[in-house]
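The values are calculated or read from the model by the stated rules, or taken from the named source; none is laboratory data. As the structure is a prediction and not an experimental result, all values here were calculated from the model. As a convention, Cβ positions derive from the backbone with ideal geometry for all residues, glycine included, and neighbour counts pool all protein chains shown. SASA here: full protein model, heavy atoms, side chains in, ligands and nucleic acids out. Shrake-Rupley method; radii C 1.70, N 1.55, O 1.52, S 1.80 Å.
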Amino acid sequence: MLDATPLGDGWILRHEPDALPASVPGCVHTDLMAAGVIPDPFLGLGESEVAWVGRRDWTYERELTSASAQEQTDLVFDGLDTVAEISLDGRLLGKVRNMHRSYRFDVTGLSGRLSVRFVSAYAEAEAVRGRLGERPAAYAEPYQYLRKMACSFGWDWGPTLVTAGIWRPVRLEHWSTARIARVRPLVTVDEGVGVVELAVDVERTRVEAPLVLE
């Protein structure tokens, strides 16, 4: 059995020296707009007036308690935009660098200040370019060096708004014995008959626990 606790409330965005209310899911641009720090980038010269946002590091924080009667508790991020370090009570849980996937961290028995520190996408892209050298691009923004949606860096139909943030939901998942971690279906047709094969990855808290998959 799996219990999920949403973590959409109680976040702040560090905008030194201030701690601004933050919406999760969301991004730094919408939080800064809500706090009156930046103008609407879609009006007038707003796009150029907020260009500095993409060149700064940003940190989201909240208090976290993982207490549960279940055997394991995972902190699950469905989407982080993009390069970030996640810490809990000063302990590094992990580093991420892909906007297009989810991340899971074991936080069983841990509590304290949860911090998600986002590195400037420009700074990270420039660092990658320094290691790999120049790579082809359609326009003069470094979108090709990150696993981040390219239109963050502008397009012919939209402004350049290089944002960061917890862009999809966050939750705690409490579970015991085992959980289905991944399901990969393969569907084929053999002489007119449909064939479905499933590859199922199972994560366990106890290896000796007997399991039956139906």
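Kindly state which strands (runs of 3 or more DSSP E) lie completely within the stretch 134-211 and contain at least 2 residues that are at pLDDT below 95 and touching a strand residue (DSSP E or B) at 6+ places or on another chain (Cβ under 9 Å).
Numbers: elements: 170-175, 178-190, 193-204.
Ranges flagged: 178-190, 193-204.
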Of all residues being open to solvent by 70 Å² or more (accessible area, probe 1.4 Å) and part of a strand (DSSP E or B) in the stretch 1-30, which is farthest from residue 170 (Cα to Cα)? Just the residue, please. 18
What number of residues in the stretch 55-71 are open to solvent by 10 Å² or more (accessible area, probe 1.4 Å) and either closer than 17 Å to residue 13 by Cα or in contact with a His (Cβ under 7 Å, 6 or more places away or on another chain) (or both)? 9
Taking only pairs six or more apart or across chains, which ones have beta-carbon atoms under 8 Å, a first residue in the stretch 184-200 that is closer than 16 Å to residue 213 by Cβ and free of Cβ contacts under 8 Å to residues at least 12 places away in the same chain, and a second residue that is open to solvent by less than 100 Å² (accessible area, probe 1.4 Å) and of a type in the set (A, V, I, L, M, F, W, C)? 196/186
Any idea which of (1) open to solvent by 10 Å² or more (accessible area, probe 1.4 Å); (2) in a helix (DSSP H, G or I); (3) touching a helix residue (DSSP H, G or I) at 6+ places or on another chain (Cβ under 9 Å) is the one residue 97 doesn't satisfy? (2)
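Restricting to the stretch 102-132, what's the tally of residues that are free of Cβ contacts under 8 Å to residues at least 24 places away in the same chain and open to solvent by 30 Å² or more (accessible area, probe 1.4 Å)? Lay out the reasoning, then the answer.
Restricting attention to the stretch 102-132, the residues satisfying the condition of being free of Cβ contacts under 8 Å to residues at least 24 places away in the same chain are 125-132.
After this cut, where a residue has to be open to solvent by 30 Å² or more (accessible area, probe 1.4 Å) as well, the list is 126-127, 129-132.
Qualifying residue count for the region: 6.
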Checked against (1) among the hydroxyl-bearing types (Ser, Thr, Tyr); (2) assigned to a strand (DSSP E or B); (3) within 30 Å of residue 205 (Cα to Cα), residue 108 satisfies every condition except (2)
